[in-house]
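Visitor: To start, I am sharing the structure in question, which I have written as structure tokens.
The values are calculated or read from the model by the stated rules, or taken from the named source; none is laboratory data. Here the structure is a predicted model, which is why all the values come from computation and not from measurement. Glycine also receives a Cβ, built like all others from the backbone with ideal geometry; neighbour counts cover every protein chain displayed.
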Amino acid sequence: MRGGARQNKPTAVRKLHGSRSRPRHRRIVDLSPVDGLVPPPGLTDDELVFWRHYEPLLASVKVLTAADRDTLAHHCIGLAQVQAIRTAQRTARYRRVLANSRTNPLDAQLRHWLQLTRLSAAELGLSPVSRARVTAAGPTQEIDELEAFITTPIRRVK
């Protein structure tokens, strides 16, 4: 193997590829907060009940963006599935199956949907721990220290 410094790109190739600080070929996503989102088509009536509960709640605290629509939809689907499984577990048929075997497929499905719901709630900032990490979307107002100093009233000391 030869030793030595790494060869730099020729100037023409560098101009063709752009500088190192170029954007990485990704579309710029608008992450400004929205006042309301339209639910995606295909949600059932039970899922729409959860959508109508969580969508205004997240939009009011300026956490919901257009990019979060599918995450909120998956959260609503998960909550509706958990509700349906818990309703099915209250039936007499579920108790008969439970008496005849050690495990029930509904229990495994319930654990799966609870896990998915918990993860989507964390992404949306609905759990207490994730609420501390999630900030409001959109541009933040920068505090100008000089402006704050000028606008503060002067306290007279006696």
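Visitor: Being part of a helix (DSSP H, G or I), free of Cβ contacts under 8 Å to residues at least 24 places away in the same chain and out of contact with any Phe, Trp or Tyr (no Cβ under 9 Å at 6 or more places or on another chain) is the filter; apply it to region 82-93 and report the residue that is surrounded by the most Cβ atoms within 10 Å (Cβ to Cβ).
Guide: At the first step, the residues of region 82-93 found to be part of a helix (DSSP H, G or I) are 82-89, 92-93.
Within this subset, residues satisfying the condition of being free of Cβ contacts under 8 Å to residues at least 24 places away in the same chain are 87-89, 92-93.
After this cut, where a residue has to be out of contact with any Phe, Trp or Tyr (no Cβ under 9 Å at 6 or more places or on another chain) as well, the list is 87, 89, 92-93.
Numbers: Thr87: 10, Gln89: 15, Ala92: 7, Arg93: 9.
Per the stated criteria, the residue is Gln89.
Visitor: How about region 104-121: which of its residues are at pLDDT 90 or above and either small (Gly, Ala, Ser) or not in a helix (DSSP H, G or I) (or both)? Lay out the reasoning, then the answer.
Guide: At the first step, the residues of region 104-121 found to be at pLDDT 90 or above are 109-121.
Within region 104-121, Ser120, Ala121 meet the criteria.
Visitor: Here's something else I'd like to know. Kindly list, by first and then second residue, each pair from a residue in region 106-129 that is farther than 14 Å from Ile77 by Cα and touching a residue at least 12 places away in the same chain (Cβ under 8 Å) to a residue that is of a type in the set (Lys, Arg) and part of a helix (DSSP H, G or I), limited to pairs with Cβ atoms under 6 Å and residues at least 6 apart or on different chains.
Guide: Here the result reads Gly125/Arg131, each pair linking region 106-129 to a residue that is of a type in the set (Lys, Arg) and part of a helix (DSSP H, G or I).
Visitor: Does Leu79 satisfy being within 20 Å of His112 (Cα to Cα), at pLDDT below 90 and either assigned to a helix (DSSP H, G or I) or among the charged types (D, E, K, R) (or both)?
Guide: Details: within 20 Å of His112 (Cα to Cα): yes; at pLDDT below 90: no; either assigned to a helix (DSSP H, G or I) or among the charged types (D, E, K, R) (or both): yes.
For Leu79, the condition - within 20 Å of His112 (Cα to Cα), at pLDDT below 90 and either assigned to a helix (DSSP H, G or I) or among the charged types (D, E, K, R) (or both) - is not met.
Visitor: Kindly evaluate Ala137 against the criterion of being modelled with pLDDT under 80, surrounded by fewer than 10 Cβ atoms within 10 Å (Cβ to Cβ) and either closer than 19 Å to Leu72 by Cα or out of contact with any helix residue (DSSP H, G or I) (no Cβ under 8 Å at 6 or more places or on another chain) (or both). Reasoning before the result, please.
Guide: Details: modelled with pLDDT under 80: yes; surrounded by fewer than 10 Cβ atoms within 10 Å (Cβ to Cβ): no; either closer than 19 Å to Leu72 by Cα or out of contact with any helix residue (DSSP H, G or I) (no Cβ under 8 Å at 6 or more places or on another chain) (or both): yes.
The answer is no for Ala137.
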